Amino acid sequence: MAEHQLSAAPTHSRWNADLPARLIIAPGDTVHFECVDSSGAQVHPGMTVKEFQEIDRGLIHALTGPIAIDGSMPGDVLQIDVLNVQHKGWGWSSVIPGLGFLMQRFADPFLFHWSLEAEFSYSLAPAALPLRPFCGIMGVAPAERGEFRTRPPGIFGGNMDVRELATGSTLYLPVQQQGALFSCGDAHAAQGDGEVCINGIECPADVSLRFKLHKQQPLSAPLIESAPSDESGPTWLVVESHTDTLTAALNATDRMVDLLVSRWGFEPVYAYLLCSVAMKLQISQVVNEPMITVSAAIAKSILPARTLFPVQGLA
């Protein structure tokens with residue numbers, strides 16, 4: 001169970017299963033990723049709005065990776081334990097004409113610079129904003145061959161912008177390609193559900209992840225064990241993305257019912273009732289057109305402890 005360092009450069013801003021792995025690791029290994037901010041290190045403290053409008057948008061979502069996990073194949077589940085996400089003291093947020101949830105109301109370009117202390121930012125007075133850094137993008141190479149923009153998330157993970165993926169959480173992804181070919185980036189020091197203006201606090205970050213592999217296990221889309229936060233305790237959380245918000249919510253609810261049936265032995269109708277009285281449906285992001293991401297969460301405290309996947313050797 002080795003530890004590895006991976007520098008940010010060369011980053012990539014497209015999903016492509018033909019990208020060569022920058023690193024090959026064994027299940028159980030830890031990788032310390034250096035991640036630039038989502039602009040690909042084009043934004044810097046003190047940048048003007050005019051300068052911001054001139055950056056190369058083709059470099060957005062500069063990701064670190066891909067890394068290959070030895071022995072991983074389609075049909076496996078890749079487990080990613082988020083050991084630490086550490087911001088580097090600064091970040092930015094913007095308004096971009098034609099983007100964002102309220103694009104018609106906020107049509108003028110805007111750029112805001114954040115100064116980040118260890119746990120709070122006081123840049124937007126009088127607010128005292130708690131910081132909980134996470135990677136907006138964690139994903140494996142999609143099943144389809146070819147080159148794809150990183151903006152839409154999918155069953156492979158990707159640009160989910162699920163703020164529960166902070167330090168202490170665990171992400172499970174269905175492997176789509178031999179080696180999995182995992183990449184991460186788009187770190188946010190803080191983000192609200194929805195990420196409505198198009199950004200969280202975009203920031204560079206150092207990210208430490210441990211990888212485990214579960215051979216030939218059923219998983220249709222991302223699943224998260226979230227860490228406790230100031231707002232709630234740990235949860236089981238399923239993630240669904242779709243072009244239609246209600247369809248994403250329906251799919252997330254359906255999967256939560258299936259999870260309760262398969263892992264806790266509920267009869268389907270009782271699982272459905274439990275979802276109705278205890279499940280939290282939340283919109284994780286509304287701005288990664290054309291896909292909307294909905295998460296369905298149930299507190300771990302109301303269910304017996306479970307290990308979702310059997311331990312297999314070093315996995």
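Since every read-out is calculated from the coordinates, none of them should be taken as a lab result. Predicted model only: the values in this text are computed from it and were never measured. No Cβ is skipped: glycine too gets one built from the backbone with ideal geometry, and neighbour counts run over all protein chains shown.
Before moving on, here are some points about what is shown:
- Likely footprinting exposure, 263, 57, fewest C-beta neighbours within 10 Å first: 57, 263
- Order of 149, 163, 255 - criterion: other Cβ atoms within 10 Å of each residue's Cβ, fewest first: 149, 255, 163
- Selected from 269, 95, 31 as most flexible by GNM, with the chain as the system and alpha-carbon contacts under 10 Å: 269
- In a reduced charge model with +1 at each Lys and Arg Cβ and -1 at each Asp and Glu Cβ, the stretch 3-216 shows a dipole moment near 280 debye about its Cα centre.
- Cα-based shape type of the stretch 144-199, given that a ≥ b ≥ c are square roots of the gyration tensor eigenvalues and the cut on a/c is 1.5: oblate
- Residue order for 35, 275, fewest other beta carbons within 10 angstrom first, comes to 275, 35.
- Whole-Å distance, taken between Cα centres, linking the stretch 187-259 and the stretch 11-89: 17
- Rg over Rh, two decimals, the stretch 25-159 (C-alpha only, Kirkwood Rh): 1.00
- With the helix formula -39500 (n - 2.57) applied to DSSP H stretches of n ≥ 4, the chain reaches a computed 222 nm mean residue ellipticity of -3500 deg cm²/dmol.
- Ordering of 11-20, 281-290 by packing [mean C-beta count within 10 Å, highest first]: 281-290, 11-20
- The local environment of residue 31, defined by Cβ-Cβ distances under 12 Å, has a net charge of -3 under the rule Lys, Arg +1 and Asp, Glu -1.
- Using C-alpha pairs below 8 Å separated by at least 6 residues, the relative contact order for the stretch 3-216 is 34 percent.
- Local electrostatic count, residue 119, Cβ distance below 15 Å [Lys/Arg +1, Asp/Glu -1]: -1
- Net charge of Cβ neighbours under 10 Å - reference residue 3; Lys, Arg +1; Asp, Glu -1: 0
- Across the alpha-carbon set of the chain, the Rg to Rh ratio works out to 0.95, Rh being the Kirkwood radius.
- Shape call, the stretch 180-260: gyration tensor on alpha carbons, a/c limit 1.5: oblate
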